[in-house]
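Structure record follows, encoded as C-alpha cells.
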Amino acid sequence: MHITMPNNHTAIRSLPAEVLDGLRTVGDHVSVARRRRRQTQEEFATRMGVEVRTLRRLESGDPGVGLGVYASALWALGLLSKLLDLTTPAADNAGTSFEIDELPRRVRPSRPKF
C-alpha cells in the first residue's frame, strides 16, 4: 500500500512574510543556542534524531521543516517547556476574551435547594 503525502508547496509559498521571518529568527536562535552549548551540527542532529541536512534546514528557517523537528530541537536544548507554555489555554488571551464575550449578559444567582 502506497500512501501519498499532500503537496504542501502551495501552502509554503503562500505563507505570510511575518511567518517566514519568524521561522528564520527561530532557526537562528536554535543555531545560537546550539553553538553556546558547544555542540556541532552533527552532535546536535544526532541528539535530535535527525539528519544534519534537516538541522541545517531548521537553522536556516526552511518552512518545510516539520513542527516535530522544531520540538525535538527545543527538547535537545532543554527548552521544550517553553513551547508547551506558549500553547497552554491559560496563555490564550484572545481565546479567553472570546469566551467572555459569549457569556450571557445577565447571570442569575442560583437558588438554594431545600
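For the reader, a short list of remarks on this structure follows.
- Residues of segment 25-36 classified as touching an Asp or Glu at 6+ places or on another chain (Cβ under 9 Å) and either open to solvent by 70 Å² or more (accessible area, probe 1.4 Å) or touching a residue at least 40 places away in the same chain (Cβ under 8 Å) (or both), total: 3
- When segment 50-69 is limited to residues that are of a type outside the set (Lys, Arg) and under 12 Å from SER31 (Cα atoms), the one that is most open to solvent (accessible area, probe 1.4 Å) turns out to be SER60.
- Exactly one residue out of ALA11, ALA94 is exposed (fewer than 10 other Cβ atoms within 10 Å of the Cβ) and either part of a loop (DSSP other than H, G, I, E, B) or at pLDDT below 95 (or both), and it is ALA94.
The values are calculated or read from the model by the stated rules, or taken from the named source; none is laboratory data. Note that the coordinates shown come from a computational prediction; the quantities given were computed from them, not determined experimentally. All Cβ positions, glycine included, derive from the backbone under ideal geometry; neighbour counts span all protein chains shown. Side chains are part of the model used for accessible areas, which takes the heavy atoms of the whole protein and leaves out ligands, DNA and RNA. Shrake-Rupley method; radii C 1.70, N 1.55, O 1.52, S 1.80 Å.
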